[in-house]
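Bear in mind that the values in this text are calculations on the coordinates, not laboratory data. Quick caveat, the model's predicted, so the values are computed rather than measured. Positions of Cβ are backbone-derived with ideal geometry, glycine not excepted, and every protein chain shown enters the neighbour counts.
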Amino acid sequence: MNYYRIFDDNDEIDFFKSNFEYTKIRELMEEYEKTNPVYSNPDFVNFIKKHDPEAELIKVTDIYY
């Protein structure tokens with residue numbers, strides 16, 4: 001499993017995991033951008049899920065002690 005940090009057009013920062021390596025994610029990103037003028041992290045991860053059913057957004061929470 002690979003883990004990625006992504007930024008969308010709303011300056012939102014998210015993390016997601018996928019079985020795909022970086023080069024495949026870049027290919028899918030280019031394909032996604034052809035039909036989506038506004039880049040949205042949740043929409044992009046849903047797009048990836050069509051190709052990799054195990055892909056999902058990850059919630060990251062800070063821990064302080």
Quiz item: Straight-line reach from Lys17: which lysines have Cα under 20 Å away, leaving out those fewer than 8 places along the same chain?
Solution: Lys49, Lys50, Lys59
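Once a ≥ b ≥ c are taken as the square roots of the eigenvalues of the Cα gyration tensor of the chain, is the result rounded (a/c under 1.5), prolate (a/b larger than b/c) or oblate (a/b not larger than b/c)?
Numbers: a/c = 2.23, a/b = 1.37, b/c = 1.63.
Judged from the Cα gyration tensor, the chain comes out oblate (a/c at least 1.5, b/c at or above a/b).
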Quiz item: Which residue, chosen from Thr35, Phe7, Tyr65, occupies the Cα position most advanced towards the positive end of the dipole of the chain, where the dipole is computed from +1 (Lys, Arg) and -1 (Asp, Glu) charges on Cβ about the Cα centre?
Solution: Tyr65
Quiz item: Mean residue ellipticity at 222 nm from the helices of the chain, using -39,500 (n - 2.57) per DSSP H segment of n ≥ 4 over the full residue count, to the nearest 500 deg cm²/dmol?
Solution: -11000 deg cm²/dmol
Quiz prompt | Cα-projected label distance for Tyr4 with Asn46, points at 7 Å along beta-carbon direction, nm | solution = 1.7 nm
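Taking the Cα centre as origin and putting +1 on Lys and Arg beta-carbons and -1 on Asp and Glu beta-carbons, what dipole magnitude results for the stretch 2-58, to the nearest 20 debye?
Details: 7 positive and 14 negative charges, 43 e Å.
The dipole of the stretch 2-58 has a size of about 200 debye.
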